[in-house]
Amino acid sequence: MAGATLISCLAGMTAVPAASAQSLFDGCPSDAILERFVDFGRTGKMPPDLGKWLNDAAAQKVEPWKPFDNVDYVGVCWVSAWLVQTDDGYVLIDTLYGPFIGQLIDNLKSTGVDFADIKYVLMTHGHFDHVGGAAALKPQLPNARFVMTQGGWDEAIESAEKSEGTRRAWKMIEPDVVVKGGDVFELGGNSFKVVETPGHTWGTASYLFDVKDGDKTYRAITIGGLGLNAIDGPTQVEAYIQSVDQVRALVESGDEKVEVHLTTHGFSNDLDENRQKHLARKPGEPNVFVDPQALLNQVATLRAGAVERLEIEKKK
């Protein structure tokens with residue numbers, strides 16, 4: 001259901017006051033949230049009530065939960081963070097930001113993880129909602145290496161510098177580990193592979209890794225960015241199309257046998273609704289998150305929207 005009009009509220013979002021006790025949404029409903037982001041995408045102006053909700057820590061709070069035996073969701077409603085356990089430590093994917101850093105830390109603690117056992121923080125791209133928490137996390141994770149593409153590091157540092165003096169100022173750590181497509185991190189019997197997927201930003205990366213459900217193991221992907229909200233011209237949209245085609249090939253070709261999508265933004269593919277189904281799962285029933293066809297459908301929708309956007313960009 002995720003369209004290419006999915007807007008991650010990343011560029012040009014102005015700071016807004018905390019939301020009132022009356023939350024915009026009841027819970028974390030994917031369709032309703034996506035609809036409001038599509039409206040935002042059409043106008044280019046942040047609706048005040050959506051802006052308040054995005055920064056409302058109480059409304060965004062999600063208790064940690066496990067889609068797979070070795071994976072915990074430790075993010076908030078509108079933006080994800082995933083903790084992957086291996087036999088030799090943990091890998092965290094993305095860092096949240098601003099008002100949610102405290103929640104991320106609390107969520108990590110509630111999983112029982114020893115912060116000294118977190119070995120890598122894999123960051124998808126340089127937008128603040130995905131890397132804005134790195135500066136606060138780094139002192140608390142003494143053995144963690146922070147990982148991103150060179151383009152991702154560059155865009156994060158530039159964005160943080162531009163935020164100085166604004167009401168939404170944030171800081172970025174200095175580059176640590178720089179990766180490129182095809183790089184692999186082996187940790188505790190799991191294999192984390194970097195797939196460069198430029199388009200959402202030029203530095204966007206996606207990550208492949210194994211997830212476990214009972215005695216079964218599946219290959220999962222976290223696609224680094226879905227939206228077309230920071231486009232600088234037709235060339236970037238063309239890169240986006242190539243990237244979604246690359247993801248499709250990972251599912252269809254069988255080389256990696258990708259069957260699971262653990263998304264960076266849950267409302268893009270019904271994460272909370274699937275969470276509820278998963279928690280109600282009975283013994284012997286399949287895991288709702290093992291759904292390669294749903295991933296192919298999502299990629300097809302993203303590609304169709306990008307093709308439309310490409311024609312618009314070419315006419316500018």
Within the range 214-235, tally of residues that are hydrophobic (A, V, I, L, M, F, W, C), part of a loop (DSSP other than H, G, I, E, B) and within 21 Å of Leu122 (Cα to Cα):
2
Just checking, how many residues over the range 65-82 are buried (at least 20 other Cβ atoms within 10 Å of the Cβ) and part of a loop (DSSP other than H, G, I, E, B)?
9
Flag if Lys109 is surrounded by fewer than 22 Cβ atoms within 10 Å (Cβ to Cβ) and either assigned to a strand (DSSP E or B) or of a type in the set (Val, Ile, Thr) (or both)
no
Give just the number: which of (1) buried (at least 17 other Cβ atoms within 10 Å of the Cβ); (2) touching a residue at least 60 places away in the same chain (Cβ under 8 Å); (3) out of contact with any Phe, Trp or Tyr (no Cβ under 8 Å at 6 or more places or on another chain) does Gly233 not satisfy?
(1)
Checking the structure you have, find out if any residue of the range 266-280 is at pLDDT 95 or above, out of contact with any His (no Cβ under 6 Å at 6 or more places or on another chain) and over 20 Å from Trp82 (Cβ atoms).
yes
Which count do you get for residues in the range 138-168 that are within 21 Å of the chain's Cα centre (by Cα) and at pLDDT below 95?
1
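Going by the conditions given, is Lys171 more than 21 Å from Phe128 (Cβ to Cβ), more than 14 Å from the chain's Cα centre (by Cα) and in contact (Cβ under 8 Å) with a residue 12 or more places away in the chain?
In short, no.
Let's see how each residue does on (1) under 30 Å from Asp213 (Cβ atoms); (2) of a type in the set (A, V, I, L, M); (3) in contact (Cβ under 8 Å) with a residue 24 or more places away in the chain:
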| residue | (1), (2), (3) |
| --- | --- |
| Arg42 | no, no, yes |
| Ala59 | no, yes, yes |
| Val91 | yes, yes, yes |
| Gly98 | no, no, yes |
Of the residues in the range 180-213, those that are outside any strand (DSSP E or B), of a type in the set (Gly, Ala, Ser) and either closer than 24 Å to Gly266 by Cα or touching a helix residue (DSSP H, G or I) at 6+ places or on another chain (Cβ under 7 Å) (or both) come to Gly199, Gly203
Within the range 248-278, work out how many residues are in a loop (DSSP other than H, G, I, E, B) and without any contact (Cβ under 8 Å) to a residue 12 or more places away in the chain.
3
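The values are calculated or read from the model by the stated rules, or taken from the named source; none is laboratory data. These numbers come from a predicted model, not from an experiment. Positions of Cβ are backbone-derived with ideal geometry, glycine not excepted, and every protein chain shown enters the neighbour counts.
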